[in-house]
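Step one of this worksheet: look at the structure below.
Every read-out reported here was derived from the displayed coordinates using simple, explicitly stated rules and does not represent laboratory data. Worth saying up front: this structure is predicted, and the values here are computed from it rather than measured. Cβ: placed from backbone, ideal geometry, glycine included. Neighbour counts: every protein chain shown.
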Amino acid sequence: MTSTAKSRPAALPPLVAPDRVTILTIGPESDGQRLDNFLLRLAKGVPHSHVYRIVRSGEVRVNMARASVDQRLAAGDRVRVPPLRVAAGPPPARPLMPPVLFEDEHLLAVDKPAGLAAHGGSGVSFGLIESVRAARPNQPFLELAHRLDRDTSGILLLAKTRRALLALHRMLREGEVDKRYLALVAGDWVNDRQHVRLALARRTLGSGERRVAVDAEQGAEAHTVFNLRQRCGSFSLLEAELKTGRTHQIRVHLSHLGFPIVGDDKYGDFELNRRVVRGEFGLPMRRMFLHACSVQLAHPVGGQPLRLECELDRDCADFLKGLGRARSL
């Protein structure tokens with residue numbers, strides 16, 4: 001007969017036992033969280049497929065009843081977790097904690113480097129959120145408030161409480177967060193300020209790759225405002241204001257207008273990108289020139305105004321200097 005561990009609050013991520021059932025009581029920090037997300041954080045090192053299997057088989061129970069993976073937990077719920085054994089051996093190499101731009105008890109803003117996914121999955125075993133959780137093992141709650149593309153650098157917001165997360169999601173959905181990006185594009189941009197309203201739709205190619213395309217009939221509304229910051233010879237440096245938050249919105253809008261972002265390997269000018277990598281325009285650059293440079297919002301809990309700024313990383317700044325524009329942005 002399987003023994004049962006003593007019930008305890010799940011205020012800190014507890015260690016599940018490899019040889020006995022664990023009963024956990026959900027605390028306020030996990031109120032409203034999906035069951036699968038709660039278990040995946042709890043059972044670090046256990047394959048995701050195994051976590052989903054034990055839920056579907058009924059081995060995981062919520063308040064003594066079977067549960068679905070997308071069931072929302074509530075404070076006070078009792079969750080039965082079967083024995084789980086984490087694979088032995090040294091942990092895999094993990095990215096370092098990214099630079100912190102702002103932090104208080106509810107909110108964390110970091111400078112995400114280009115090349116690091118916001119979260120693990122789809123062939124990426126370890127992303128930024130996993131890095132932050134590994135660096136803050138005693139933080140009971142840490143969730144991404146939004147996403148950045150893997151090749152985009154800059155400001156990324158994380159919530160340290162569920163109250164802050166829900167507020168940030170509402171603010172982002174209702175357009176109460178002012179997010180600005182810097183993008184270097186090929187071509188001579190004309191207007192100092194230009195509104196672009198082009199509906200976007202997701203597509204899946206025959207290869208299985210997911211793309212986004214302009215589609216006036218079936219696409220969702222997408223609105224970006226572009227401000228010209230610098231003319232750099234055959235390139236233009238733009239500031240993009242996101243009025244909506246569609247996947248790949250800035251990249252697709254610019255590509256559709258004939259001004260692809262330098263280094264964009266999905267929607268860009270591939271021959272130009274090869275020339276950039278070879279250093280034909282000065283210093284070589286091997287990343288996409290898209291950077292989340294500023295975020296302005298009311299604090300999701302306290303309400304006080306916040307303005308967060310993040311300078312270009314060295315690769316982008318040095319590439320601009322190589323184009324003969326050495327003054328700081």
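Observations on the model:
- Amide H to amide H distances under 5 Å link PHE126 with GLY121, where only residues 5 or more positions off or on other chains count and H is placed in the peptide plane.
- Taking the average, over residues, of other Cβ atoms within 10 Å as the packing measure, peptides 302-310, 235-243, 48-56 rank 235-243, 48-56, 302-310 from highest down.
- Comparing LEU312, ALA186, ILE26 along the charge dipole axis of the chain, the residue lying farthest to the positive side is ILE26, per the Cβ-charge model.
- Computed from phi, the 3J(HN,Hα) profile of segment 297-312 under the Karplus parametrisation 6.51, -1.76, 1.60 (θ = phi - 60°) reads 6, 7, 3, x, 10, x, x, 5, x, 10, 10, 10, 10, 9, 6, 4 Hz, with x in place of Gly and Pro.
- Ranked packing of 206-216, 262-272, 180-190, 63-73, most packed first, by mean Cβ within 10 Å: 180-190, 262-272, 63-73, 206-216
- Dipole of the chain computed with +1 at Lys/Arg Cβ and -1 at Asp/Glu Cβ about the Cα centre; of PRO260, PRO137, VAL212, farthest Cα towards the positive end is PRO137.
- Karplus-derived 3J(HN,Hα) values for segment 221-229, using 6.51 cos²θ - 1.76 cosθ + 1.60 with θ = phi - 60°, are 3, 9, 9, 10, 10, 10, 10, 6, 9 Hz; glycine and proline are entered as x.
- Charge dipole (debye, nearest 20) of the chain; +1 at Cβ of Lys and Arg, -1 at Cβ of Asp and Glu: 940
- Each of PRO82, LEU107, SER49 was placed along the dipole of the chain (beta-carbon charges, centred on the mean Cα), and the one lying farthest toward the positive end is PRO82.
- Rounded tilt (10° steps) of 162-173 against the dominant C-alpha axis of the chain: 30
- Theoretical gain in end-to-end length, GLU309 to VAL100 [0.36 nm per residue, Cα-Cα removed]: 74.1 nm
- Lysine pairs with alpha-carbon atoms under 26 Å apart, the chain, spacing 8 or more or separate chains: 15
- Mean ellipticity per residue at 222 nm, deg cm²/dmol - from DSSP H runs of n ≥ 4 across the chain, formula -39500 (n - 2.57): -5500 deg cm²/dmol
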